[in-house]
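Have a look at the structure below, then the notes.
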Amino acid sequence: EEWQRWGTSSPLPTVVVSVVRQLLEMESVAGEKMRFGGVGSKLKATPFFLTPLRDPEGDFKDVEDKKHRAVYETLADSDQKLQYYSARQIGCRLLGSRGYLCQKCWLPMEDCMCSKLAPCNLWRGIRFWLYMHPKDFLRQNNTGKLLWQVFGIQAASLCLFGIQEHEDIMWDAFQRSGKEKVSFLYPNKSATPKSVNDLKFDDFTMNAGLQEGGVQHEPLNLVLLDGTWSNSAALYRRLKERWTAIWGEEDIPCISLSMLSASVMHKLRPQPAWDRTCTAAAAAGLLSELHMRPELSAFKLEEQAEAVECSLDILLDALTVRRVRLGRSITRKQRHRRDCI
């Protein structure tokens, strides 16, 4: 139940259970409380004045680091190593965020913004999948979480990179729908670039929820890669490998937005190029472009896009207020000064 309150309907992954148990057992044996902090709730070294009788092997962080590296080296293949890496990232975030972050909006309790968000129904002809890198899981300024906060976890489902149970749930849904009903929002990655206008909707999708002979027809699956741009390459490679393994095709169906504008989140986290934006803003742009298709205009997709944009404004306000209260800067230095054409 605690796991699912973070934004997923999946069972607690067994590899995450294993990592969390290892951490708690080590904490019990060491007689030393785990300390987390910084971006991603990383394990922190214990200050010397708190541990005058320090273990000669090092503090908890050092011992845990040695043990997890030893476990990592024993794993047989790259896939097992990836699963363990992802599980450890997620396990540390779960333990480090317990009692500190709101389980819905992933902000510190005192900055919770849940009461300000207005739920909205997503058109049942589409379904979002948030394919999230573990380093973005429980990250306070992550925007992908806004989609299931606004639309619900069945309309916008979380899938964590490297977590087998999550990935199997997503790909099972894709196989039920068929490859014609799966597209990935990732610019300039298809051999033949496609736009939102190239998405195909059959009669059953247009009449979302329509059943024939007691069979419920599947919606169009739209996958958003949720992570930093440097991490998105790993997300894309794993999606492509699975796509090729299932359907035997090298080229996966990627679409680009034609009218992408800067997200309000650029004020706090600027993007490296003009055609790159945060996950929620990309989803809002996608909904807006779908609304412009005449056959879809009746499904109020523009209102759904506005609901996402409003949630971005609320997140930006919450993060800004928090930074001001803590005496931190609310502007970010420009790291990329090259013109991107």
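The values are calculated or read from the model by the stated rules, or taken from the named source; none is laboratory data. It should be emphasised that the depicted structure is a prediction, and the values quoted were computed from it without experimental measurement. A quick note on method: Cβ atoms are made from the backbone with ideal geometry, for glycine too, and the neighbour counts reach across all protein chains shown. Surface areas here come from the heavy atoms of the whole protein model, side chains and all, with no ligands, DNA or RNA. Shrake-Rupley method; radii C 1.70, N 1.55, O 1.52, S 1.80 Å.
The single condition from (1) in contact with a Cys (Cβ under 9 Å, 6 or more places away or on another chain); (2) over 27 Å from residue 186 (Cα atoms); (3) not in a loop (DSSP other than H, G, I, E, B) that residue 118 fails is (3). Given the conditions (1) at pLDDT 90 or above; (2) touching a helix residue (DSSP H, G or I) at 6+ places or on another chain (Cβ under 8 Å); (3) outside any loop (DSSP other than H, G, I, E, B); (4) not aromatic (Phe, Trp, Tyr), and given that residue 8 satisfies all but one, which numbered condition is not satisfied? The failed condition is (3). Within region 293-332, being part of a helix (DSSP H, G or I), polar (S, T, N, Q) and surrounded by fewer than 19 Cβ atoms within 10 Å (Cβ to Cβ) holds for 297, 320. When residue 122 is tested against (1) farther than 28 Å from residue 207 by Cα; (2) open to solvent by 10 Å² or more (accessible area, probe 1.4 Å); (3) in the same structural domain as residue 247 (by the TED database), just one condition goes unmet, and that condition is (1). Hey, does region 131-144 have a residue that's out of contact with any Pro (no Cβ under 6 Å at 6 or more places or on another chain) and part of a strand (DSSP E or B)? So far as region 131-144 goes, yes, one or more of its residues are out of contact with any Pro (no Cβ under 6 Å at 6 or more places or on another chain) and part of a strand (DSSP E or B). For residue 184, only one of the following conditions fails: (1) surrounded by fewer than 22 Cβ atoms within 10 Å (Cβ to Cβ); (2) not in a helix (DSSP H, G or I). What is its number? The failed condition is (1). Taking the numbered list (1) part of a helix (DSSP H, G or I); (2) buried (at least 17 other Cβ atoms within 10 Å of the Cβ); (3) touching a residue at least 24 places away in the same chain (Cβ under 8 Å) in turn, residue 238 passes all entries but (2). Annotation: residue 166 fulfils all but one of (1) assigned to a helix (DSSP H, G or I); (2) surrounded by 15 or more Cβ atoms within 10 Å (Cβ to Cβ); (3) over 13 Å from the mean Cα position of the chain (by Cα); the unmet one is (3). The single condition from (1) modelled with pLDDT of 95 or more; (2) under 28 Å from residue 81 (Cβ atoms); (3) in a helix (DSSP H, G or I) that residue 149 fails is (2).
Restricted to region 11-21, and to residues there that are in contact (Cβ under 8 Å) with a residue 60 or more places away in the chain, open to solvent by 40 Å² or more (accessible area, probe 1.4 Å) and in a helix (DSSP H, G or I), the residue that is farthest from residue 144 (Cα to Cα) is 18.
When residue 159 is tested against (1) open to solvent by less than 20 Å² (accessible area, probe 1.4 Å); (2) closer than 13 Å to residue 224 by Cβ; (3) touching a Pro at 6+ places or on another chain (Cβ under 7 Å), exactly one condition is not met: (3).
Selection of region 236-245 for residues being in contact with a Phe, Trp or Tyr (Cβ under 7 Å, 6 or more places away or on another chain) and hydrophobic (A, V, I, L, M, F, W, C) yields only 239.
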